[in-house]
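The structure appears below as structure tokens.
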Amino acid sequence: MNSQLVSIFLTFGSFAVLLFIIGIYCILAGYNLIRALIGVELLIKAVTLFLIVAGFASGHLELAQSLIITMIVIEVVMITIAVGIVVGIYRKTGSLDARNIRNLKG
Amino acid sequence: MCLALILIPFFSIIILNLPPREVNKRIAFGLVLILTLGQMFLVFFPGCNFWKMNSGVFGSMLKIDLLVDNLTLIMLFCIGLIVLVTLFTSRQFIGPIEKQRNFINLLLVVLIGMNGTVLARDIFSLYVFLEITAVASFILISFDKELLGLEGAFKYLLLSAIATILMLSSIALLLILTGSTGFSEVQAVLKTLNPNNPLLILAVGLFLAALFIKSGLIPFHGWLPDAYSSAPASVSVLLAGIVTKVAGVYALIRIMVSVLGFSPASQAVLLLIGAVSIVLGALLSLTQSDFKRMLAYSSISQVGYIILGLGSGTALGIVGAVFHIFNHCVFKSLLFINSAAIEKQTGIRDMDKLSGLAQKMPVTGLSSLLASLSAAGIPPLAGFWSKLIIIIALWSAGYYTYAVIGILAGILTLAYFLSLQRRVFFGKLTREFINVKEASFSLVFPMVLLSVIIIGVGVFTPVLLDKFILGLGNILGG
């Protein structure tokens with residue numbers, strides 16, 4: 001890799017890692033279910049960015065782009081189901097607090 | 001042509017949802033029956049044109065590379081069998097015909113996802129099909145819209161999303177290292193790399209962690225007992241029988257054998273996680289009183305054996321692992337059908353409140369005894385042979401400690417299954433259960449079918465061994 005490529009890789013790569021850390025924090029801190037889903041979304045965004053940087057760095061940008069289009073579709077389906085489940089929980093318990101749904105113990 | 005295993009269920013879903021919907025409701029059951037029976041039938045003819053690669057018009061339109069070898073064939077058989085059994089079980093538990101049609105649609109989505117997972121020849125396609133399977137299972141777990149089901153589904157969803165993210169990070173790292181996502185291309189480049197490359201170690205670690213979460217191994221097992229025990233009865237059969245086996249364990253075997261290859265470090269991790277899961281899973285299931293939760297923990301313990309077989313890294317170990325997947329599919333779905341029958345007939349799942357049911361439910365009692373003994377590895381039932389192969393493989397590869405752990409944990413397995421039998425089926429029949437009847441045909445038929453498979457495979461293993469089972473080992477070389 002030449003120096004310009006390395007600097008681009010490091011810039012975007014470190015931003016992806018930063019997003020990853022924010023996402024993990026968002027899932028772990030607090031008890032709101034929607035907040036956990038936002039954390040998952042942030043993690044997926046971090047991975048998307050990482051994947052496109054990986055495609056750029058390895059010189060297979062078109063492969064990475066086609067993968068990401070597929071991935072975005074799947075992610076949207078997944079998060080729609082997740083929100084549906086959260087709405088179901090809200091209808092049953094009247095709150096979005098994860099502490100109210102501890103009937104099952106690991 | 002084997003693309004048809006994905007496309008025919010796909011078009012079936014479209015047809016089932018077209019008008020006239022009144023007619024389609026009635027053909028739904030028969031359609032899935034024919035699909036699964038056809039899939040199981042084709043597996044017995046591995047030489048026929050169906051499994052050839054040239055996929056004709058569809059193959060040129062859809063760029064999905066598919067792969068057929070012995071491991072794929074045996075998994076396709078398991079998928080067909082368990083989906084068939086689930087279909088029969090669902091007739092008892094999924095109420096009105098409108099809901100049954102929804103259930104069958106979702107069952108077909110799971111079928112597409114699992115067939116695709118076992119046929120995929122590319123890491124990214126593997127991810128896509130794993131997600132299709134997972135998303136359909138989230139809906140199935142919360143199918144009754146009960147709070148417990150929703151909670152189990154949410155836990156599964158959150159951990160599954162994290163597993164997906166780890167897997168995608170690993171795919172990105174492999175893309176940097178090899179510039180490709182196909183199994184054979186990645187494997188070819190990885191063989192030339194230095195095994196101490198930090199990026200490679202990170203990629204392997206992330207992929208293994210993702211698949212450990214998906215297969216629910218200790219210490220990543222948090223979602224598994226909740227999801228199994230909160231799901232509707234017929235969905236538990238599907239989940240425990242095949243979904244987590246395909247999504248976690250099959251994917252793990254495929255990735256280790258066909259992509260990443262074994263290294264001393266990854267073998268050590270597999271062996272350690274396998275042994276911990278066997279012992280802790282068995283100990284935890286001893287303490288449970290809920291029928292389905294006990295079965296869920298025993299599932300963790302049995303998956304531990306599969307991982308232990310894989311961790312030996314030899315062809316014999318992988319043969320044992322795959323054979324144990326097959327046996328596990330059969331006996332664990334049989335046990336979940338037994339629990340479903342008991343829940344249906346008595347309304348109780350707490351094992352301490354049940355007793356003496358073997359007198360009133362002879363088929364359920366006998367088949368659950370067979371399944372328990374097969375799981376505990378009592379000869380000549382099927383489970384004995386697969387455990388024997390795994391332990392021989394471990395011993396001959398020089399992992400004496402793990403082989404001994406495997407043998408000793410068999411005693412724990414026997415302990416919790418006999419405790420189950422004693423509490424639920426033996427003992428005195430209390431007055432409460434004097435009017436309990438045997439379950440109806442749609443539950444008895446799958447029980448009998450699976451019991452026959454357990455006995456048949458067990459008795460004929462010495463005959464089958466040379467012909468079919470040892471042939472599995474060639475996936476390592478190929």
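The values are calculated or read from the model by the stated rules, or taken from the named source; none is laboratory data. All values reported here derive from a predicted model rather than from experimental measurement. A quick note on method: Cβ atoms are made from the backbone with ideal geometry, for glycine too, and the neighbour counts reach across all protein chains shown. These area figures cover heavy atoms from the full protein model, side chains too; ligands, DNA and RNA do not enter into them. Shrake-Rupley method; radii C 1.70, N 1.55, O 1.52, S 1.80 Å.
Odds and ends about this structure:
- Candidates B:Leu414, A:Ala36, B:Ile278 compared by Cα position along the dipole of the protein assembly as shown: farthest toward the positive end lies B:Leu414, with charges placed on Cβ.
- Overall size of chain B from C-alpha positions, given as principal axis extents largest first: 71, 60, 45 Å.
- 10 Å Cβ neighbours from other chains, averaged over peptide B:3-9: 0
- The dipole here belongs to the protein assembly as shown: it is taken about the Cα centre, uses +1 on the Cβ of Lys and Arg and -1 on the Cβ of Asp and Glu, and is about 1200 debye.
- Percent accessible area from carbon and sulfur atoms, the protein assembly as shown, protein chains only, probe 1.4 Å: 70
- Probe 1.4 Å - accessible area at B:Phe445, Å² to nearest ten: 70
- Region B:349-426: trypsin sites (Lys or Arg not before Pro) falling in loop per DSSP and having at most 13 other Cβ within 10 Å: none
- Shape of chain A, Cα gyration tensor, a/c cut at 1.5: prolate
- Among B:Ala265, B:Thr287, B:Thr401 the positive-end extreme of the charge dipole of region B:263-478 (Cβ point charges): B:Thr287
- Accessible area that becomes buried as A packs against B, both chains, 1.4 Å probe, Å², nearest 100: 3200
- Projecting label points 7 angstrom from Cα along Cα→Cβ for B:Arg91 and B:Ser396 puts them 4.5 nm apart.
- With contacts taken as Cα pairs under 8 Å and at least 6 residues apart, chain B reaches a relative contact order of 14 percent.
- Remark: mean inter-chain Cβ contacts per residue of B:402-408 equal 0, using a 10 Å Cβ-Cβ cutoff to other protein chain atoms.
- Principal semi-axes of the equivalent ellipsoid, √(5λ) from the alpha carbon gyration tensor of region B:263-478, are 33, 19, 12 Å from largest down.
- Rg to Rh, two decimals, where the protein assembly as shown supplies the alpha carbon set and Rh follows Kirkwood: 0.96
- Restricting region A:16-57 to chymotrypsin sites (Phe, Trp or Tyr not before Pro) that sit in a DSSP loop and have at most 15 other Cβ atoms within 10 Å of their own Cβ leaves A:Tyr31.
- Sum of -39500 (n - 2.57) over DSSP H runs of 4+, divided by residues of chain B (222 nm, nearest 500): -24500 deg cm²/dmol
- Remark: region B:329-416 projects, on average over all directions, an area of 6.4 nm² (convex hull of Cα atoms).
- Convex hull volume of the C-alpha atoms in region B:99-139, normalised per residue: 41 Å³.
- Solvent exposure of the protein assembly as shown as accessible area per residue, Å², 1.4 Å probe: 38
- Within region A:1-104, trypsin sites (Lys or Arg not before Pro) in DSSP loop having at most 13 other beta-carbon neighbours inside 10 Å: A:Arg102
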